[in-house]
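Notes follow the structure.
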Ligand SMILES: *Cc1c(COP(=O)(O)O)cnc(C)c1O
């Protein structure tokens, strides 16, 4: 039980980041998006830490919602893709879940439901992302159908932005205009903003924010953005050096010999690899921290190990701590060097990595 690779999750930082989301839009409420096991941070632990402050939670499916209910979470839970089949309607009722309705089939199922108590529905419009949502031209009729159902207590009007992570992107303006044009006269709260729009697009704030990645301390933007600067990292992926060796110029490291030493090089082997969720596509130069000092990946990442450059750290030796992402190594930087996004790093953390929690409140 001594493999040193571990993830540490800072629950107080997640609460801080949730408060930061709400501070962007005073008066708006916010769904804390905890789908995909709270982006790899552990949905139950995160939801318990947020429950005292969160207005509501959002997940991808009934299975994720029931896990939270079984853990004692009583706040509303929105199913961001609604139900996948009518058999789930019984859970909506018994577990008090809040469905999205994004297509005609779901609308039919929800209208035919006979729950023991009324439920809220989040009616989604496709304003241009072309993934989920009613056609704008059909939206008012869909709204009228739901409004006619005595078992539908409230209808939240929602849409999802495709390009909010590029703050000046013209698609966002077009999507907002489409939403206003086709939902403008309808009653009900509005929900448009993912993290990128929470931080970068006040016009999209509406009544219900939907922050996800920002809760986990990663910026949704490709570049530095002033309103993302206050986010606190929430996950540290840590390991240790398990071997250190000195190589001569011309010697190669690891599978495929991808990295060839140009000069005398000290190489550290770290006990973490792609089977832990570290990206196999990390390029030479991907940042890491050894003993709190900057280092970089050199050579291809293997299943259980990766290699880092210790040439600047002549005293580094086996047992020394390595941070792969966290407060010293932004997950966004690791992601950028691996042609992916922090979302994928966090959600890809594997079961093999034990997660521990701290909560300094
Ligand atoms: C996942 C999701 C979000 C959160 O997105 P982030 O980019 O992580 O903030 C918001 N809305 C919907 C509909 C989602 O599916």
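Odds and ends about this structure:
- Residue in region 177-218 that is nearest to the ligand (Cβ to nearest atom), counting only those that are assigned to a helix (DSSP H, G or I), in contact with a strand residue (DSSP E or B) (Cβ under 6 Å, 6 or more places away or on another chain) and free of Cβ contacts under 8 Å to residues at least 60 places away in the same chain: 179
- Taking the conditions (1) crowded, with 23+ Cβ neighbours inside 10 Å; (2) over 21 Å from residue 346 (Cβ atoms); (3) away from the ligand (no atom under 16 Å from the Cβ) in turn, residue 49 satisfies each one other than (2).
- Residue satisfying all of: in region 283-305; touching a helix residue (DSSP H, G or I) at 6+ places or on another chain (Cβ under 7 Å) and buried (at least 20 other Cβ atoms within 10 Å of the Cβ); nearest to residue 235 (Cα to Cα) among these: 287
- The number of residues in region 113-137 that are more than 16 Å from the ligand (Cβ to nearest atom) and in contact with a helix residue (DSSP H, G or I) (Cβ under 8 Å, 6 or more places away or on another chain) comes to 7.
- Any hit, region 116-135, residues being modelled with pLDDT of 95 or more and part of a helix (DSSP H, G or I): no
- Test result for residue 227, buried (at least 20 other Cβ atoms within 10 Å of the Cβ), outside the structural domain of residue 22 (by TED's automatic domain parsing) and either away from the ligand (no atom under 13 Å from the Cβ) or part of a loop (DSSP other than H, G, I, E, B) (or both): no
- Criterion violated by residue 221 - all others in (1) in a loop (DSSP other than H, G, I, E, B); (2) in contact with a strand residue (DSSP E or B) (Cβ under 7 Å, 6 or more places away or on another chain) satisfied: (2)
- Flag if residue 157 is surrounded by 15 or more Cβ atoms within 10 Å (Cβ to Cβ), touching a strand residue (DSSP E or B) at 6+ places or on another chain (Cβ under 7 Å) and in the same structural domain as residue 277 (by TED's automatic domain parsing): no
- Test result for residue 345, in contact with a helix residue (DSSP H, G or I) (Cβ under 9 Å, 6 or more places away or on another chain) and part of a strand (DSSP E or B): no
The values are calculated or read from the model by the stated rules, or taken from the named source; none is laboratory data. Everything quoted here is computed from the prediction, not taken from an experiment. Ideal geometry is used to build each Cβ from the backbone, glycine not excepted, and the neighbour counts take in all protein chains shown.
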